[in-house]
Amino acid sequence: MARLDAGELPSLGDPLPPLDEGRLEISPPRDWVVSPRSSRYIVRFQAGEGNPYPTVIVTAQDCPQFKNIDAGNVGAFAKFVASELASAGVKTTVKTGQIGQLIGVMYTRRAKVKDALGGIVDRVFFDTVVAGRRYQFELRSPPETVGLAEPYLLAIVRGTKITGVGELEETLASEENASKPEAKTAPAPASKAPQKPEKETAASQKPEKPAPQAKTPEQKPEQPATAEKSSPASRPEETTAQQTKPASPAQPEQSQPEDGGKKKGKSAEDLLKEVDKLLQ
C-alpha cells in the first residue's frame, strides 16, 4: 500500500474523550480549536475561532457494503466510492493508500460555499470503513492555501484510532474477567477450608462401613446351614412321596386279609397238595 502520510507532519494536541459511542479516539492539531458540537458531524477542528478555514470535519455512517477496509478489498472500495461520485456528477481521481493504521481512499473535489467570504473551497477527503462504520475525514480550505492545510488532515488521520464495538466489548469483558478472579480468590480458600474436614470425616466414616461387612460373613455361613436344612427337608418330602406311593398298593393287601385272606390262603394250599398228589 502507498503511504499517504510520508514525511513530517504537524504535531497534535491532547486527545479528546472517545467519540462515536467510544469507537473513535482523535486529537486536534496543536493550537487548533474544537468547534461546538453539531448533529452534522462527529467533531470539527478549526485553525482559528474567527476564521472558518482551514477546517477538518469528521463524519461517520453505517456502511452495509463493507465491514472493514484492508489491502485485499481497498480496490473494490475505491470503485465503490468512484461510482458514488460519478452518480453525483463529480469527476475526480480516487487513489488508494494508507495513513497511519488506516487503509482507505483519498480524493478531492471543489465546491462553492455560501458564507460571509463567499467563493470556492477545495475539499480533500479520506474515507475508510471499520467495523461496518464508514468514517470520512474532510479538509476544507481555499484553493490557494489547500497545499499548506493538507498536512494537518494527514496528521489528524494518522493519530486517529478507531475501534469496533465488538472489540470494545471484548476489552470490557477481559477487564471484567481480570477483576473477577481477584474477587474469587478471596472467598475461594474460605470455601475450600471447610471442605477439607468434610473429606476427613468422610474418610473417617469409611472404616465404619467394614463393620457391617464383617457381620455379613457371619450371616453367610448361616445361609449354607439353611441350605443343609432345606436339603434334608426336601429329602424327607421325597421319602414321604415314595412311601405314599407304595402305601396305596399296601393298603389293599392289608384290607384283603381282613375280609377273608385266610380262606384264600387255605384254598391255595389245598390246590398245591392236590397238584403234588397228581405229580406222584
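Top to bottom by accessible area (1.4 Å), largest first, where do Ser11, Ser38, Ser141, Ser87 land? Don't jump to the answer; show the numbers that get you there.
Details: Ser11 65, Ser38 40, Ser141 0, Ser87 100 Å².
The most accessible residue leads, giving Ser87, Ser11, Ser38, Ser141.
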State, to one decimal in nm, how far the label point of Val33 lies from the label point of Gln101, with both points 7 Å from Cα in the Cβ direction. 3.2 nm
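Using only the Cα atoms of segment 16-166, build the gyration tensor, take square roots of its eigenvalues as a ≥ b ≥ c, and label the shape rounded, prolate or oblate: rounded if a/c is under 1.5, else prolate if a/b is larger than b/c, else oblate.
oblate
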List the extent of the Cα atoms of segment 1-91 along each of their three principal axes, largest first, rounded to whole Å. 38, 32, 31
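Taking 0.36 nm per residue of separation and subtracting the Cα-Cα distance, what length does fully extending Lys161 through Leu271 add?
On the way: separation 110, 0.36 × 110 = 39.60 nm, distance 14.31 nm.
Difference between extended and current length: 25.3 nm.
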Once both labels are modelled 7 Å past Cα along the beta-carbon direction, what's the Ala131-Val90 spacing in nm? 2.6 nm
Are there trypsin sites (Lys or Arg not before Pro) in segment 22-113 that DSSP puts in a loop and that have at most 12 other Cβ atoms within 10 Å, and which ones? Arg30, Arg37, Arg40, Lys91
The summed charge of the Val58 Cβ neighbourhood (under 10 Å; Lys/Arg +1, Asp/Glu -1) stands at -1
With an 8 Å Cα cut-off and a minimum separation of 6 or more residues, compute the relative contact order for segment 16-166 in percent. 25 percent
Leading residue at positive end of dipole, segment 16-166 (Cβ point charges), from Val74, Val105, Gly89: Gly89
SASA check, Arg140, accessible area w/ 1.4 Å probe, all protein chains in place, rounded to nearest 10 Å², comes out at 70 Å²
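The values are calculated or read from the model by the stated rules, or taken from the named source; none is laboratory data. What you see is a predicted model; the values in this text were computed from it and never measured. Note that we place each Cβ from the backbone using ideal geometry, even for glycine, and neighbour counts take in every protein chain shown. Ligands, DNA and RNA are excluded from the accessible area calculation, which covers all protein heavy atoms including side chains. Shrake-Rupley method; radii C 1.70, N 1.55, O 1.52, S 1.80 Å.
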